[in-house]
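Each remark here refers to the structure printed beneath this line.
The values are calculated or read from the model by the stated rules, or taken from the named source; none is laboratory data. Since we're looking at a predicted model, the values are computed, not measured. Heads up, the Cβs are rebuilt from the backbone with ideal geometry, glycines too, and the neighbour counts pull from every protein chain shown. The area values use the complete protein model at the heavy-atom level, side chains included, leaving out ligands, DNA and RNA. Shrake-Rupley method; radii C 1.70, N 1.55, O 1.52, S 1.80 Å.
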Amino acid sequence: MNAKGLRVLIITAPPFVFGGIAVQARILAEFLRTRGYRVTIAHYATYRMDSELTVPVWRIMSGRRQRMRQYKVWGNFDCISIGC
């Protein structure tokens with residue numbers, strides 16, 4: 001199969017949280033990359049880990065809005081952390 005040029009978005013739990021979900025998402029990402037796909041990982045930003053991206057309910061009325069951050073994870077996969 002030649003998937004050249006095709007992109008895949010994997011939406012998952014935060015990849016830096018140790019556990020089965022992150023392990024399975026990484027296995028899937030690596031599998032797809034070997035098949036020629038360009039893989040991007042996306043996850044929600046927790047207040048505890050990414051407080052600058054999230055907006056607690058008590059700050060919504062002040063006009064604060066969620067943000068996102070792009071970085072690399074798991075050996076150079078593009079990753080997007082999206083604030084809640």
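Just a few scattered comments:
- When you count the other C-beta atoms within 10 angstrom of each residue and take the mean per peptide, 58-64, 77-83 line up highest first as 77-83, 58-64.
- Point-to-point label distance, residue 21-residue 69, nm (Cα→Cβ direction, 7 Å offset): 1.9
- With contributions of -39500 (n - 2.57) from each DSSP H run of at least four residues, the per-residue ellipticity at 222 nm computed over the chain stands at -6500 deg cm²/dmol.
- Evaluating 6.51 cos²θ - 1.76 cosθ + 1.60 at θ = phi - 60° for every residue in region 63-78, the Karplus couplings come out as x, 5, 10, 5, 10, 9, 9, 10, 7, 10, 9, 6, x, 5, 7, 5 Hz, glycine and proline recorded as x.
- Surface composition of the chain: carbon and sulfur atoms hold 60% of the protein heavy-atom accessible area at a 1.4 Å probe.
- 13 Å beta-carbon shell around residue 66, net charge (K/R +1, D/E -1): +3
- Rounded to 5, percent antiparallel among DSSP beta bridges of the chain: 35
- Rounded accessible area per residue of the chain, 1.4 Å, Å²: 70
- Evaluated at q = 0.20, 0.28 Å⁻¹: base-10 log I(q)/I(0), Debye formula over Cα of region 11-84: -0.82, -1.27
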